[in-house]
Amino acid sequence: MPSTLLIDRSGFTPMIARLIGMMTYTRETTLEAVQGWTPEELDLIPDGHANSAGMLLAHMAAVE
């Protein structure tokens, strides 16, 4: 996967372009990490007191 962290983006300042790159990188690596997970795996709450991976993904999607 090519790095998108430090590329110029037309219409954005260098700092905003870097932030967009960070968000893009996070999205790409997160999707890669959970690819192939079943709904049951995404819904699993490991210790019973935390969020499931699915809920964390939903939160990330809402932030985007």
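Since every read-out is calculated from the coordinates, none of them should be taken as a lab result. If you're wondering where the values come from, they're calculated on a predicted model, not measured in any experiment. Positions of Cβ are backbone-derived with ideal geometry, glycine not excepted, and every protein chain shown enters the neighbour counts.
The condition of being free of Cβ contacts under 8 Å to residues at least 24 places away in the same chain, more than 30 Å from R9 (Cβ to Cβ) and hydrophobic (A, V, I, L, M, F, W, C) holds for A50.
For segment 19-47, a residue qualifies if it is surrounded by 10 or more Cβ atoms within 10 Å (Cβ to Cβ), in contact (Cβ under 8 Å) with a residue 12 or more places away in the chain and over 17 Å from E64 (Cβ atoms), and the qualifying residues are W37, E41, L42.
Does R27 satisfy being basic (K, R) and over 14 Å from the mean Cα position of the chain (by Cα)? So R27 does not fit the description; no.
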